[in-house]
Each structure stands twice: as structure tokens, then as C-alpha cells.
Amino acid sequence: MYKPKRVYLATATCIGLSAIKLLKKDNDAVMVVLPSDHHIDGQKDYLDTLSEAIEIANRRRGIVTIGITPTRPETGYGYIEMGERIASASQAYKIARFTEKPNMEVAKDFLLKGTYLWNSGMFVFRADVILREIEKYLPKMYKSLMKIYQHLGEEDEDDVIREEYENIDGISIDFGVMQRTRKAYVIKGAFQWDDIGSFSALSRYLSEYRNNKISNNVYIQDCENCSIFGGDEKLIIGFGVKDLVVVDAGDVILVMDKDKDQEIKHLLNDINDNPDFGAFI
């Protein structure tokens, strides 16, 4: 049976596949790449930012990302240093450099300097432009994508995608292209943004209860600094515990030390490779 390889952070592959499929339909296609685990308030400002990004992608043939003004010294996000502003009335800048997940002291320094933005992971670019950059910086991946392109719409399309996917070394679009290209721009987003891709971040939207964060169907006593996500069918009872994340996901129950939040992707990889447990992930 076909078993997918590990896919975490392999966003360049997904973006490349989307680009060739779009180009098959429209030579002038512009892609807007948006993570699914973000919380955004301020719809008009958000749409205005995307409109400006699309304009830069078309007019300058740029690869555009959206940056967020930091509100705290966050070590779980990547940072973008703003370079030269491209127009006096614009909030778009050339990118001076990327920094991935700095330590606390560096994050505090970035916050004080005021020239750094959080890397939101949202991108806008023309499909043909991102493919040219993939060709330049990830030539092996580009070769596989072009083979897939030749079979799009054919009966063997799915088979060719599976075959070439096994040949591709997965890498994020940040490491594979954005940190190497000379076409990178960042727009400072004016909307409210939060990355809720971790349980510690998602817990900010739970109810506060005696120094804990809890959802519905949760009852706790003598607990401290816990985040508990209940499900629909079971009651979760916490008694005398601290610094835990507990999640009822239906067929899976997660119990985790809060300090392990950034390591869960490695755990999921290990579980996915286990034939006894992979079916649950």
C-alpha cells in the first residue's frame, strides 16, 4: 500500500504542484498562499493588504510575503527585517533578511529595533515567477514538477504525481526559495493576526478558569497552568495537575507537558511511522 513520506513543512512541493496546475489553466495566474491555522480580524485591512500584494506580484514580478508587527518577543515565529521601502505611500519593503525562531534575547532585541516583522507564512506571487525561482534554487524539484505538468489531465496524472513525489526532497518555501531569492518583498499587515497552529496559541481562545484555560465539557480542581480542550462526547476531569495540555480529539487523547508544544511535529512523524498507530493520525 502506498504510504506518503513525511510532509511536515514541505510547503515548496505543495506550492510547486499548485503552480503548475494553475498555469495549465491561466498563464497569468497569481497565487495567494494562506495557512489554515491563522486567526485574522479586520477584513477590509486584510483584503487591502492582499490587493497590494497582488499588484506587486504582477507589476514587479515579486515574491511577496505579509509581515506582522511584533507585539511581544516571540521565539516560536520567524522574523523578517524590512529593507528599503518601495514607495513612500506604501507599507511594502524589500526584504533585508530572514531569521528563523530566534532565542529570547534576540527576539527582545528585534522588538526594540522596530525594523523586524513576524513572518506570517502568507505569500503572494505569480505562478510562473515562483516556478522560475524553484527552477533556479530547487532544480531537482523543478524537474519533477515539469514531468508532472506534462501529464496533467491525463489518465496517469495521479500515478505520475505519486512517483515524482517520492523523488522530491521536501523543503519549506521559506528555506527553499524565500531566503535565497532576490525578488522578495514584505508588506506590513495592518490587520490583527494570530498564529493558532500550536496548542499554547489556541489556548488563548479558551475560557480562563483559576489560572487555567478550559473549553466546554471540562471540570478541574486544584489544577494550575493547564490548557484542556474537551470534546463533544466525554467529560474531562482534571485534579491536582499542572503545566499540562490535554486534548480530546475523538479517537485520540493527547496529554502533554506544555513545554513540549514546539516538539509535537516530531512526535506526529514518529507516530505516523508506527504501523500500529499511524492510522489514527
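Which aspartates and glutamates does Lys183 reach when only Cα atoms under 18 Å apart count, and residues fewer than 8 places away in its own chain are ignored?
Asp28, Glu52, Glu55, Glu81, Glu84, Asp128, Glu133, Glu135, Asp174
Highest first, please rank the peptides 151-160, 204-213, 62-71 by the mean number of other Cβ atoms sitting within 10 Å of their residues.
62-71, 204-213, 151-160
Helix-only estimate, please: 222 nm mean residue ellipticity of the chain, summing -39500 (n - 2.57) across DSSP H runs of length 4 or more and dividing by its residues, to the nearest 500.
Taken over the chain, the calculation gives -9500 deg cm²/dmol.
For region 199-280, what class follows from the C-alpha gyration tensor (a ≥ b ≥ c being the square roots of its eigenvalues): rounded when a/c is under 1.5, otherwise prolate if a/b is larger than b/c, else oblate?
prolate
Semi-axes of the equivalent ellipsoid for region 26-182, please: Cα gyration tensor eigenvalues, times 5, square-rooted, ordered largest first, whole Å. Working shown, then result.
Numbers: eigenvalues 195, 72, 43 Å².
Three semi-axes, in Å: 31, 19, 15.
So, with +1 on the Cβ of K and R and -1 on the Cβ of D and E, and no other charges, what is the size of the charge dipole of region 11-195 about its Cα centre, to the nearest 20 debye?
Roughly 1020 debye for region 11-195.
Among the DSSP beta bridges whose two residues both lie in region 199-280, what percent are antiparallel, rounded to the nearest 5?
So the antiparallel bridges in region 199-280 amount to around 40 percent.
Mind ordering 48-61, 259-272 by average Cβ neighbours within 10 Å, highest first?
Packing order, densest peptide first, comes out as 48-61, 259-272.
Set the Förster radius R0 to 25 Å, insert the Cβ-Cβ distance between Thr115 and His39 as r into 1/(1 + (r/R0)^6), and round the FRET efficiency to 0.05.
Values: r = 25 Å, r/R0 = 1.02.
Given R0 = 25 Å and the Cβ-Cβ separation, E is 0.45.
Picking from Ala96, Ile15, Ile54, whose Cα lies most toward the positive end of the charge dipole for region 1-111 (charges on Cβ: Lys, Arg +1; Asp, Glu -1)?
Ile15
For the chain, what ratio Rg/Rh do Cα atoms give with a Kirkwood hydrodynamic radius?
On the Cα set of the chain, Rg over Rh gives 1.01.
Do you know the relative contact order of region 199-280, to the nearest whole percent, from alpha carbon pairs under 8 angstrom that are 6+ apart?
In percent, rounded to a whole number, it is 20.
Only the coordinates and a few stated rules stand behind these numbers; no lab work does. Owing to the predicted nature of the structure, the values given are computational and were not obtained by experimental measurement. Neighbour counts run over all protein chains shown; Cβ positions are idealised from the backbone, glycine included.
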